[in-house]
Amino acid sequence: MQALVVQTEENKIKSWIYFACQANGVSAFSSKIIHRFRKNFTRILGQALATRNLIEISQPLWERASEEQRKQVVVHEACHLIAHCKHGNEIKPNGPEWKKCMVAAGASPLRCHNVNRDGLKRQYVKYAVQCACTSVWVGHVKAAKVRANKFSCKRCKNKVKLTGETYRPGTLAK
């Protein structure tokens, strides 16, 4: 029974993508658009990655959204990809080209959702790093700098290395 429900949702998403493409005169483009659900999205309902023709949808927020909110987010994100397809890379994400695509699809060019986020907390990952004098936990931005070899210890001035340990709230005591 669960697989049947998932398949129905998949068909709805594909039909909403096709609807947005058809309304904008690029019906064939709908077959190039893929989508996936993301469990870690707790603030945004969806995002479009134009270079990959990919729509990512928040699993936790999708479950809370009404049918109309679901359709709105799929059309919204599909219009980002359509605008990119029709006008190229140099357009603004929520610029006039995207707004024109939204209006053509019969949707309001709104940027925000109003799905209830109560109780959903963003899961921040901390990364363990160490140098000659200490070891500490850092966020993803500093961890990226460590990976790129662009981060040094403020005390000993040595390069910092990732240890491979990660910390997520509620899973491992710091």
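Structure above, values below:
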quantity	calculated
Computed FRET value (nearest 0.05) for GLN130 with ARG43, which takes r as the C-beta separation and R₀ as 41 Å	0.85
Chymotrypsin sites (Phe, Trp or Tyr not before Pro) within the range 133-169, DSSP loop, no more than 10 other Cβ atoms inside 10 Å	none
Under Karplus coefficients 6.51, -1.76 and 1.60, residue-wise ³J(HN,Hα) of the range 86-99 in Hz, glycine/proline x	7, 10, x, 6, 8, 8, 7, x, 10, x, x, 5, 5, 4
Within the range 1-113, percent of DSSP bridges classed antiparallel, to nearest 5	45
Rounded, prolate or oblate (a/c below 1.5 giving rounded, otherwise prolate when a/b exceeds b/c) for the range 90-133 by Cα gyration tensor	oblate
Efficiency of FRET between ILE34 and ASN149 - r from beta-carbon atoms, R0 30 angstrom, step 0.05	0.30
Reachable lysines, given that their alpha-carbon falls under 20 Å from the alpha-carbon of LYS71 and they are not under 8 places away in the same chain	LYS12, LYS14, LYS32, LYS39, LYS99, LYS100
Cα→Cβ-extended label distance, 7 Å offset, between LYS121 and ASN158, nm	3.5
GNM top mover of HIS80, HIS35, HIS140 - the chain, alpha-carbon springs below 10 Å	HIS140
In order through the range 73-80: 3J(HN,Hα) via Karplus (6.51 cos²θ - 1.76 cosθ + 1.60), integer Hz, x for Gly, Pro	5, 5, 5, 4, 5, 4, 5, 4
P(r) of the range 123-168 over all Cα-Cα pairs, binned every 10 Å from zero, in whole percent	31, 58, 10, 0
FRET E, pair ASN114, GLU67, Förster distance 25 Å, beta-carbon r, rounded to 0.05	0.95
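Every read-out reported here was derived from the displayed coordinates using simple, explicitly stated rules and does not represent laboratory data. In this text the structure is predicted, and so the values were computed from the model without any measurement. Ideal geometry is used to build each Cβ from the backbone, glycine not excepted, and the neighbour counts take in all protein chains shown.
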